[in-house]
Each structure stands twice: as C-alpha cells, then as structure tokens.
C-alpha cells in the first residue's frame, strides 16, 4: 500500500511598512519613483554614515505583534546580517537575530467552518534591499544588471509562522488572513504585485503519524495568493514523487515559475547560509516601555475577527458572508457604506458577494478600483424595489455600471431596459408563445409543472428579458 | 593556531575575495597574531559581569518619521564605476 504523506508548511512573510521615511534615514519610501532619486549616503551604504532608527517602525511592529497575539519584547536590538549581493550596497542587512521585537503569537484561520490556530514564531524589523533590473531574459542570461537603490532601507517586518500548516489551501488562507490584519492595522499597502507583501514557503513532507520533520525546501517567487497555493501544491507532489521513487529530497531554495507551473532549484542551502550575525554597533538597543505597549493596545482598530462577529450580530449575516466580506478592509467598508444607504443587509451582501465580486475578479480588480460606488449600488437596488427593473435586468444594469460608471437610472433609460409590466402589451407576446408551443401547453395541462417555466422563458426571450416575471406568470396561468 | 587555513578560505569565499596560496599563508599567520593578542581579554574574570550588547549606556535613540532631503541622482551615481540610464551598473551576477 502506498504511504500516506502529510505536508508541513511554514511561511516567511515580508511586508513593507507604509511609513513616510525609510527605517534608518529620512529618504521617502514612495513606490515607483525615478531610479536612484530616493537615496542618500545612508541607504547607499557610503562609508562613515550612521543609521538612526525611525520610531514609527517600532510602533508598527508592536501593533502587528499585538494583533497577532505576540509577546512584545522588553529588550530588543538590531544585528548585522552579512552577505554579498549587488542589491545590498553595505554588504550587510540591518535585521534582528536573537532578540526580535515580537515572539510567540498566533493567528486564527478558518477553512470549511473549522477554526485553526497557526503559530507565529517571531516578527522582526529589518531594512529592504535595492532592486535589480537584469539586462537579458533573466538573471542567468543577463550580460549585466542595473541597481536602483530607492527601495534600499525601506522598512520591512518579517513575520515567520510556525510550521503549522498542512495543505496549500491552509497556506493561502493564512496569507490572506495575515494580509487582512495588516490592512486593518493600516501599516502596509500589502500589494503583492508591487512587492510590498512577499511570501516564501518552507515545505516538507513526512509519512502521516511521524513526528520528526522531513527535509524542507524553501520556495520563492510567488507573487499572488493563487501562485502561493499552486506552488505549494506542486512542491508537495514533487517531494512525494521523489520519495516514492527513492530519490533524496535536497535542502535547497527553489523558485516558482508561474508560466510552466513548476518549482526549479535555485541554489543549495548548506554552503550559502553563513550570515555571521553580530549586534549592530551603530544602533543602541531598545527598551520597550510597557506603558507605550498598553497605549498602542488601546488604540488598536477593530480587526477582521471582531468585525466579522459584528457583521453576524448586527447585520444577521451568515458566517460565510461575514468571513468573505471582512477579509478585505476595503470590501467591508464598501459593504457597510452600501448598507447605510440601503438597509437590507442580506440583499446587499448577495449583490456584493455575487455579481460585484464576480465582475471584479474577472477583471482582476480590487474593490477600491470599482466604478460601482455604494451610492450607485443602493440606487440600483431601489430601482428593483420600485419595480422599474427586474432582478434579472439589474444584473445587466450592474455590468454596465461596472463598465461605464454611469448611474443606474441613466443606463436604464439609455438602453431601454425598463421592465414591461403593461398587461395588454405582454398579453400579445404570451398569446404568440402559447400558439407557437402547443405541445408544451398540452404537457402543462397534463400536469407537467415544469412546462410553465419553459413558457415563461420564451416570453422573457421575446421581450429581451424586460417582461416582469410576475405579470408573465400570472397571465400564463390565467390562460392555461 | 586559533584560525585555520580552511577558515581563512571560507572567509575569503564568503566575502568574495580571491586569495593566492601565498596570501592565504600570510593572512592566516597575521590573523592568528591578532586573535592571539585579543585572547588576552579572556584572562579577565567576567563571571560577575552581565553579557553586553552595546558599549554605551544608551537606549531608544530614534527619530520621528519625517522625510528629509537626500542626494540627487547625479550625486548618487557620481562615484559609481559604471552607470546606465540612472542606474548603477554591475557585472553579471550568475
């Protein structure tokens, strides 16, 4: 019998903090400026300069730690991580080694209505590296590379989970939840496509029931939730196949290739990792005042879990709706704004979670980029209530609103989408349909209830969806 | 010998420095002299001294989150051996 394997996954997440200035110098952190224009002797690593810590970074790290149920260190310090790479002008990265600012927390995820706690091993502060542009198809074929130091010394938090995840889906859900919490805290833009949220996965497998861990690989280069899930799924399969074929699993870094859908070996781990950490002599250590931590705790905003609970209590939403709506701060804000204008929470939830999210996902847009505003959505829902448009027509109207940003009334008028409730007009169509389908009429009269649906459908088709379904039903029944 | 040939080789590799056989010999000898001198400190009785992370009694030296003026691009690139279109140019990496 084939061995039953279990996957063991831990994630290392790097998140850029949205401070105004960098972590150790006062250059701006703005994304996307002209190359090497947000730089100074400090972040260029020129000799003789001294780093001075940005207090806001420490504040944000504590906020993240509190939201992730961590212990906040009373004493913490920075260390040098020594390595050579062209995007790191100083040849060392200022990071934290043995005394990180936050330790031993957890985050709760939910999969298929089951709650699971994922441990947070640590959160530490560090500086980002610069950005490389390779001249050629990729790094391996590049003749040379170009360096932009704008990102050098942008503040980062590295959030390291315990190896508590057991499937690629759990890993994705964990990252989604972590992103939601960071968004609610308003400490990062969390844009995976711009690199302000980056994720590496440590993956290993072991026969189910075994307690010791298997050899792990580190997977890099995943820049969406979907690619994280795909990459981890692939890697688990690859390791199982290797094990079954009697091949060794090598401890190494592997890169995810989005196009081919495979992970490829980048470098072997043993020789490369010797960072010779030592305490940073240019930065005095930190004593974190308990009163400050307490003050920050008091200021914490409502977090996803609390907001979800409130959505269930106050709006009477099912668990599923509340989970999805609160998993993005912007989406939850949109929902609440809509509800204040159209106070039927379940109807609003159905439209937001159904049609609107569907349209957004199809275009790969965020809710913040939606041309449909809460005001417009509420106006559209009122048109349904007034009987101006049917629910079916409303879908067409919403699509048009989404495309053009026009108000629903204007779309209804311009496209002639007004619902037909005029009985005499509809009677003519109903009669035509009955005449054209004698067989179906007979079926109905013999007791086949389903035949009615077909006839309603035919009338809707003739009227391009504009007939009022209620009126058509009534007319058909009286005639049959 | 406090530091071996192999350790010097490893150090050179990690720091991306190529050393000739003579240089390896020379630096191993010199580093051993330096480390031996530093070892004099180990004779001190530190059993009653708490481990020290920083030599000065300073804590929480930080600044507020304010943007200042840095270098313009020409200044930033002026010492670069090579630059191109506003970037530092570096030799192929792999």
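Brief remarks on what is shown
- Positions within the range A:47-87 being within 8 Å of chain B (Cβ to nearest Cβ), closer than 27 Å to residue A:287 by Cα and in a loop (DSSP other than H, G, I, E, B), in sequence order: A:52, A:77
- Filter result for residue A:429 (in the same structural domain as residue A:468 (by TED's automatic domain parsing), at pLDDT below 85 and surrounded by 19 or more Cβ atoms within 10 Å (Cβ to Cβ)): yes
- Of all residues in the range A:432-452, those satisfying the criterion of being assigned to a loop (DSSP other than H, G, I, E, B) and surrounded by 11 or more Cβ atoms within 10 Å (Cβ to Cβ) are A:437, A:448.
- Residues satisfying the stated conditions in the range A:272-305, i.e. surrounded by 13 or more Cβ atoms within 10 Å (Cβ to Cβ) and under 21 Å from residue A:106 (Cβ atoms): A:288, A:293, A:296, A:297, A:300, A:302, A:303, A:304, A:305
- Subset of the range A:412-426 [surrounded by fewer than 18 Cβ atoms within 10 Å (Cβ to Cβ) and in a helix (DSSP H, G or I)]: A:413, A:414, A:423, A:424, A:425
- Test: residue in the range B:79-86 that is within 25 Å of the chain's Cα centre (by Cα), surrounded by 11 or more Cβ atoms within 10 Å (Cβ to Cβ) and farther than 19 Å from residue A:145 by Cα: no
- Members of the range A:93-105 found to be closer than 30 Å to residue B:11 by Cβ and either surrounded by 20 or more Cβ atoms within 10 Å (Cβ to Cβ) or more than 14 Å from chain B (Cβ to nearest Cβ) (or both), listed by number: A:93, A:94, A:95, A:96, A:100
- All positions within the range A:108-123 that are buried (at least 16 other Cβ atoms within 10 Å of the Cβ) and farther than 24 Å from residue A:156 by Cα: A:110, A:116
- Failed condition for residue A:32, given (1) within 23 Å of residue B:69 (Cα to Cα); (2) part of a helix (DSSP H, G or I); (3) more than 10 Å from every other protein chain (Cβ to nearest Cβ): (2)
- With respect to being in contact (Cβ under 8 Å) with a residue 40 or more places away in the chain, surrounded by 16 or more Cβ atoms within 10 Å (Cβ to Cβ) and over 28 Å from the mean Cα position of the chain (by Cα), residue A:42 fits the description.
- Filter result for residue A:381 (outside the structural domain of residue A:472 (by TED's automatic domain parsing), out of contact with any strand residue (DSSP E or B) (no Cβ under 7 Å at 6 or more places or on another chain) and in contact (Cβ under 8 Å) with a residue 60 or more places away in the chain): no
- Helices (runs of 4 or more DSSP H) fully within chain B counting 2 or more residues that are within 12 Å of chain A (Cβ to nearest Cβ) and within 30 Å of residue A:142 (Cα to Cα): B:5-14, B:73-77
- Flag if residue A:44 is over 27 Å from residue A:179 (Cα atoms), within 14 Å of chain B (Cβ to nearest Cβ), touching a helix residue (DSSP H, G or I) at 6+ places or on another chain (Cβ under 7 Å) and part of a loop (DSSP other than H, G, I, E, B): yes
The values are calculated or read from the model by the stated rules, or taken from the named source; none is laboratory data. Note that the coordinates shown come from a computational prediction; the quantities given were computed from them, not determined experimentally. Positions of Cβ are backbone-derived with ideal geometry, glycine not excepted, and every protein chain shown enters the neighbour counts.
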